[in-house]
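Below is one structure; the comments refer to it alone.
Read-outs throughout are calculated quantities, based only on the coordinates presented, and are distinct from any laboratory measurement. This structure is a prediction, so every number in the text was calculated from the model and none was measured. Ideal geometry is used to build each Cβ from the backbone, glycine not excepted, and the neighbour counts take in all protein chains shown.
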Amino acid sequence: MTRKTFSYICSLVYVPSLKDMNSYTFDDGRLLALEDRVAIALKRLHSSEPTETIGSSVGMKESTVLLVTESFAVAVWQRARRNLRWTESSEMDKFKSMFDKIHNMHNCCGVICTTHIPFGPNWDREKNDSILVQLVIDPEMRFRNIWWGPISSMNQSSILHESYLFKKCEEGGWLNGSKLKVGLDGSEVGEYIIGDAGYPLLPWLLTPYQEEDLSDFKAEFNRRHSRATNCALKALARLRDTWKYLQGEPSCPVNTDTLVEAIHACCYLHNIVIDMEDDAAMPSIEDSYYCEDVRQVESEDAIRARDMLSRYFLTSMPSESGAGLVDAEEDHEVAASGSGTEDKAQAQARPSEEEIIN
């Protein structure tokens with residue numbers, strides 16, 4: 001994390017931190033400054049070490065580390081909500097263009113996924129000692145919407161139907177932008193997000209085909225769908241690898257409210273790091289809890305939309321099948337390794353000296 005990012009996070013939590021400015025001390029009686037508390041909280045959220053070990057390393061009690069971390073998580077949740085929000089229409093056009101250029105997924109607006117956040121190191125999904133979290137992810141791996149289910153045997157489909165995302169999309173409040181013409185007869189496909197086969201197929205949520213013998217256009221749709229959903233797997237891997245507090249390590253909280261606050265805070269911090277242009281490791285590992293065995297519910301409109309889009313994909317392919325998609329992904333990787341776009345450089349220039357906060 002750069003000094004610029006650390007300073008921004010301190011500024012976010014400054015106001016709510018004023019009320020307990022004199023509440024926390026080191027073992028030698030010295031008061032913790034705002035920067036001390038933020039650094040300790042970030043260390044606790046990032047570390048897989050027991051809280052007692054972290055406390056000893058910085059000269060404070062384990063209980064103080066826990067209290068500082070909990071207070072920080074609440075402050076981030078309250079003050080950083082603008083860093084995790086549904087995409088505005090102008091920005092949605094940008095993301096649709098990125099999904100199109102990188103993955104040839106025309107009019108796609110994001111990827112939906114779910115993951116289990118455990119209460120402790122020896123968690124068991126059958127015993128309901130985890131929280132199921134639903135996330136929508138943009139092509140730059142930011143989280144755009146978050147919803148969590150109660151401690152119960154929920155699955156992807158049930159948490160989706162209870163979510164604010166489902167309500168807004170069904171009412172037409174979200175994913176209501178420009179439509180894509182996919183046929184000579186004027187047929188159109190609206191904006192949509194994509195998800196794995198654990199989700200129901202809906203007009204605004206497209207899932208892969210499940211038949212054994214796929215036609216060419218269905219197989220091509222599944223190939224593009226699979227590559228595009230990869231950004232969700234990478235985002236979840238990055239979240240878990242960076243904020244190990246969510247991995248169920250020793251002394252992970254057993255209080256539901258505290259864990260929910262920490263989940264939101266870590267997702268906000270994930271976005272902040274991306275927005276501030278930090279270079280963080282993004283391990284290429286798959287989330288083992290990403291797929292659920294859930295009954296797929298299909299509607300006629302959703303099937304028609306997916307079929308039309310699939311046929312459109314096949315007819316719009318380059319002359320050499322698949323070459324355009326591979327080239328687009330390679331171009332994106334090359335561009336990502338460069339210095340970034342001019343507008344980003346002007347809006348959020350990197351500090352001249354990137355000092356890492358240990």
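Of note:
- Across the alpha-carbon set of the stretch 3-79, the Rg to Rh ratio works out to 0.94, Rh being the Kirkwood radius.
- Remark: the Ser63-Thr315 segment gains 84.5 nm on full extension, using 0.36 nm per residue and subtracting the alpha carbon distance.
- Annotation for the stretch 50-103: trypsin sites (Lys or Arg not before Pro) lying in DSSP loop with at most 14 further Cβ atoms inside 10 Å of their Cβ are Arg85.
- Ile303-Leu34 FRET efficiency (beta carbon distance; Förster radius 45 Å; 0.05 resolution): 0.25
- Residue exposure proxy: Ile194, Ile40, ordered by other Cβ atoms within 10 angstrom of their Cβ from fewest to most, comes out as Ile40, Ile194.
- Within the stretch 163-265, GluC sites (Glu not before Pro) in DSSP loop having at most 15 other beta-carbon neighbours inside 10 Å: Glu211, Glu212
- Cβ-Cβ FRET estimate between Lys181 and His161, R0 fixed at 22 Å, reported to 0.05: 0.10
- Applying 1/(1 + (r/R0)^6) with R0 = 25 Å to the Cβ-Cβ distance of Leu18 and Arg85 gives a FRET efficiency near 0.45.
- In a fully extended conformation the segment linking Ser11 and Thr53 would gain 12.3 nm over its present Cα-Cα distance, using 0.36 nm per residue.
- Computed label-point distance, nm, for sites Glu170 and Asp275 using a 7 Å Cα→Cβ extension: 3.1
- Restricting the calculation to alpha carbons of the stretch 49-111 gives Rg and Dmax of 20.4, 54 angstrom.
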